[in-house]
1. Give me a count of the residues in the stretch 1-28 that are under 19 Å from the mean Cα position of the chain (by Cα) and either charged (D, E, K, R) or over 15 Å from Glu342 (Cβ atoms) (or both).
2. List the residue pairs whose Cβ atoms are under 8 Å apart, where the first residue sits in the stretch 209-221 and is farther than 15 Å from Leu233 by Cα, the second is in a helix (DSSP H, G or I) and of a type in the set (Lys, Arg), and the two are 6 or more positions apart or on different chains.
3. Quick check, is Thr60 touching a residue at least 12 places away in the same chain (Cβ under 8 Å) and either of a type in the set (Val, Ile, Thr) or over 15 Å from Asn108 (Cβ atoms) (or both)?
4. What tally of residues in the stretch 80-120 results from selecting those that are more than 20 Å from the chain's Cα centre (by Cα) and in a loop (DSSP other than H, G, I, E, B)?
5. Would you check if there is a residue in the stretch 123-135 being surrounded by fewer than 16 Cβ atoms within 10 Å (Cβ to Cβ), assigned to a loop (DSSP other than H, G, I, E, B) and either under 23 Å from the mean Cα position of the chain (by Cα) or touching a residue at least 12 places away in the same chain (Cβ under 8 Å) (or both)?
6. Being among the polar types (S, T, N, Q) and either over 21 Å from Thr16 (Cβ atoms) or crowded, with 18+ Cβ neighbours inside 10 Å (or both) is the filter here, so list the residues in the stretch 34-82 that pass it.
7. Which residues, taken from the stretch 143-158, are over 23 Å from Glu128 (Cα atoms) and not in a loop (DSSP other than H, G, I, E, B)?
8. For the stretch 321-344, give me each residue that is within 28 Å of Ser25 (Cα to Cα) and part of a helix (DSSP H, G or I).
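Coordinate-derived values only; no laboratory data. Bear in mind that the values here come from a model prediction, so they are computed numbers and not experimental data. We place every Cβ from the backbone using ideal geometry, glycine too, and count neighbours over all the protein chains shown.
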Amino acid sequence: MTAASEYLWYIPNAATAGHRGDTASEDHNSLTTLTEQAKALERHGWTGALIGTGWGRPDTFTLATALAAQTTSFEPLIAIRPGYWQPAHFASSAATLDHLTGGRVRINIVSGKDNLAAYGDSEDGQAERYGRTREFMRLVRRLWTEEAVSHAGEHFGVEASTVVPRLQPRGTRRHPRLYFGGASEAAERVAATEADVQLFWGEPLDGVRERIERLKALSGNLDRDLPPLEFGLRITTLVRDTTEQAWADAEAKVAEMARSQGSGWNDHQRGVAKGQRRLLDLQARGEVLDENLYTAPGKFGGGGAGTTWLVGSAEDVARSLRKYQELGITQFILSDTPYLAEIRRQGEELLPLLRD
């Protein structure tokens, strides 16, 4: 049976104002402003939100904890990096927050490049980076589900470690789900064996279909011993009352990006990873792919989920998202700016169409 779809948003967790065209204000990352977004997500039907990570941004786990304390149903999808955390330290922190929130924690494991030296970390190439990530994910899951865990691995070790408080099963959920991204061969091997959800950025349908088929086959070839891998889509959705208005606003946004040379947008341009390169290469196939996947933002600094946008009326965008759903996508992480206004607009206009 296919899992029911879930719809999350994105909270920028940025150090500077104006992230991806958001309204620039001095209190953009204050507890008041970010809590307003989290509470709006609850009111307008969203499950929760991805909270980004990276050195030079506010600490993601601290922000997630603060927002969880201010809300009742909001589920933070907390991005974290192996190396910034030790497995037992992280497993304990996440278990504590999961206990305090009644099971609202989700985790996004990030292995992309970062300013590792700034927090005393180092990696020796891609093979080590993904080998460490795989070991981290496997050990954290053991710490959540077993007691007196001992492990002596290549990257981490613990002896007779029992995380407290113990996580309580909630239906079929034994622990917070581990989301993961990455398009390289090494990343896909980690996803196929260790992730609960593999996240894709906004590729055309044919690219997502091909990657899902490959990951399913890889899971079998590598003898995955976990429940079947789920798949998610992280993408910008620009929704307006009419198709014409949506495209007019999209083109105006891109023109502003070109004028400002992508200021506030290009937060994934540092050391372009394979997944980001796949998005940027889409420009050669056309400015609009499928029916309404807009590739022009990537020409002017759009990075990550800001590289390609689904553009149109609520009906247009819902129709496109349903096509991804038909391929097997069950986790949707959407966003547009200004963040707060779009939480409301898309919660009222887009989510009802998707749930119908």
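1. Matching residues across the stretch 1-28 total 9.
2. Going by the 8 Å Cβ cut-off, the qualifying pairs are Leu218/Arg189.
3. Yes; evaluated as a whole, the condition is true for this residue.
4. So the answer is 3.
5. Scanning the stretch 123-135 turns up no residue that is surrounded by fewer than 16 Cβ atoms within 10 Å (Cβ to Cβ), assigned to a loop (DSSP other than H, G, I, E, B) and either under 23 Å from the mean Cα position of the chain (by Cα) or touching a residue at least 12 places away in the same chain (Cβ under 8 Å) (or both).
6. If the condition is that a residue be among the polar types (S, T, N, Q) and either over 21 Å from Thr16 (Cβ atoms) or crowded, with 18+ Cβ neighbours inside 10 Å (or both), then Gln37, Thr47, Thr53, Thr60, Thr65, Gln70, Thr71, Thr72, Ser73 are the ones that fit.
7. Narrowing the stretch 143-158 to residues over 23 Å from Glu128 (Cα atoms): 144-149.
The answer is Trp144, Thr145, Val149.
8. Tyr339, Leu340, Ala341, Glu342, Ile343, Arg344
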